[in-house]
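Presented below is the structure to which this report refers.
The values are calculated or read from the model by the stated rules, or taken from the named source; none is laboratory data. From a predicted model like this one, the values you see are computed outputs, not experimental measurements. Because the Cβ atoms are built from the backbone with ideal geometry, glycine has one as well, and the counts that use them run over all protein chains shown. Calculation scope for accessible area: heavy atoms of the full protein, side chains included, ligands and nucleic acids excluded. Shrake-Rupley method; radii C 1.70, N 1.55, O 1.52, S 1.80 Å.
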Amino acid sequence: MKWLEALTDIQRNVLIASIIADGEITKCYPGTRRKNNSYREHYGKTQEPYRYWKQSLLPEIFYITPKSQTLRSASLPMFTKLYPYFYDATGSKKIPTELLTYCTHPLFLAVLYLDDGSLSISKRINHNKKLIYLTPHIFLYLQNYPKEQLEQLQQHFTQRFHLDFSINKRKDGHGFILRFTSVEKTFHFLNLIKPYVKSCNGMEYKLDWMWRLQQETELLSKIYPHYEVRTSSHERFRNYSDDEIAKIISLVHEKKTQQSIANALGRSYWSVVYKIKELRKNNLL
């Protein structure tokens, strides 16, 4: 596959994820003058900055036609060769299992998520204590693929990225999607792709949990003005020892990052974020 290996590792991962998700390889119909297939991906106006970001990763292949709101390519031999990996004999999309060995970069996850995923939030309200717990979940809406193909993708995520997605039922498509059910896994996923999407604009609602939390908190404060909003966490009920608290205070004074503090304590990033917030609220920092 020298034609595919001519791309960089990042380009291969972005391209394969794009075709699995929002993109398509156009068909060559009988009678057409085209000798090769091409790539096409339509988008809404609000997601145009994201498509320009994606185009910047494959500038020799992708270009954008703003009027039609399409990310596309010229007709290229590469897409003719790629076509049978992504489409079956009936023209229906399939997961390119033979190409998953190339999908080893976190940008593969990032593009699948930004194309076809969401950062969803469920709420639990305790009116007696005036507390609102928000629980974030990662969904990959790949219901256009049969369950057995999603299981192959699920296995790849586990083996390569140590990400244990679960398969959940859904009413449309083939009836199944991939998702995370735990807060810890959700934050791990976001932290995993974070370094690679820093230059991606306009997707804060999927990538920036603190931004989403602020938006959700402002909305809830209008409905429940005297309630406190918290993020659900499996570590919320695991108490911090006096030594851990002293170490947090010391490291904060040393201007250590919250991630490095979490690493030093063996705690999750978000557990430390909320503990520091609590310490500041109690004037201990």
| query | Among (1) among the acidic types (Asp, Glu); (2) in a loop (DSSP other than H, G, I, E, B); (3) under 25 Å from PHE139 (Cβ atoms), where does GLU48 come up short? | reply | (2)
| remark: Just one listed residue, out of TYR83, TYR63, is within 18 Å of GLU24 (Cα to Cα), open to solvent by 40 Å² or more (accessible area, probe 1.4 Å) and touching a residue at least 24 places away in the same chain (Cβ under 8 Å), and it is TYR83
| Which of (1) within 27 Å of TRP53 (Cα to Cα); (2) of a type in the set (Lys, Arg); (3) in a loop (DSSP other than H, G, I, E, B) is the odd one out, the single condition ARG160 does not satisfy? | (3)
| request: Among the candidates THR104, THR80, THR135, single out the residue that is assigned to a loop (DSSP other than H, G, I, E, B) and of a type in the set (Ser, Thr, Tyr). | output: THR104
| Of (1) touching a residue at least 12 places away in the same chain (Cβ under 8 Å); (2) surrounded by fewer than 13 Cβ atoms within 10 Å (Cβ to Cβ), GLN159 satisfies all except one. Which? | (1)
| request: Show the residue pairs that are 6+ apart or on different chains and have beta-carbon atoms under 9 Å apart, the first residue being within segment 15-38 and of a type in the set (Lys, Arg), the second being assigned to a loop (DSSP other than H, G, I, E, B). | output: LYS27/ASN37; LYS27/GLY91; ARG34/THR26; ARG34/CYS28; ARG34/SER75; LYS35/CYS28; LYS35/SER75
| said: Being within 22 Å of TRP209 (Cβ to Cβ), open to solvent by less than 40 Å² (accessible area, probe 1.4 Å) and either in contact with a Ser or Thr (Cβ under 6 Å, 6 or more places away or on another chain) or among the polar types (S, T, N, Q) (or both) is the filter here; which residues of segment 120-156 pass it? | reply: SER120, TYR133, LEU134, THR135, PRO136, HIS137, ILE138, PHE139
| message | Any residue that is within 21 Å of the chain's Cα centre (by Cα), under 23 Å from HIS105 (Cα atoms) and assigned to a loop (DSSP other than H, G, I, E, B) - is there at least one of those in segment 52-61? | response | yes
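Applying the selection to segment 88-119, what residues are among the hydroxyl-bearing types (Ser, Thr, Tyr) and open to solvent by less than 10 Å² (accessible area, probe 1.4 Å)?
Going through segment 88-119, the residues among the hydroxyl-bearing types (Ser, Thr, Tyr) turn out to be 90, 92, 97, 101-102, 104, 113, 118.
Within segment 88-119, TYR113 is the sole residue that qualifies.
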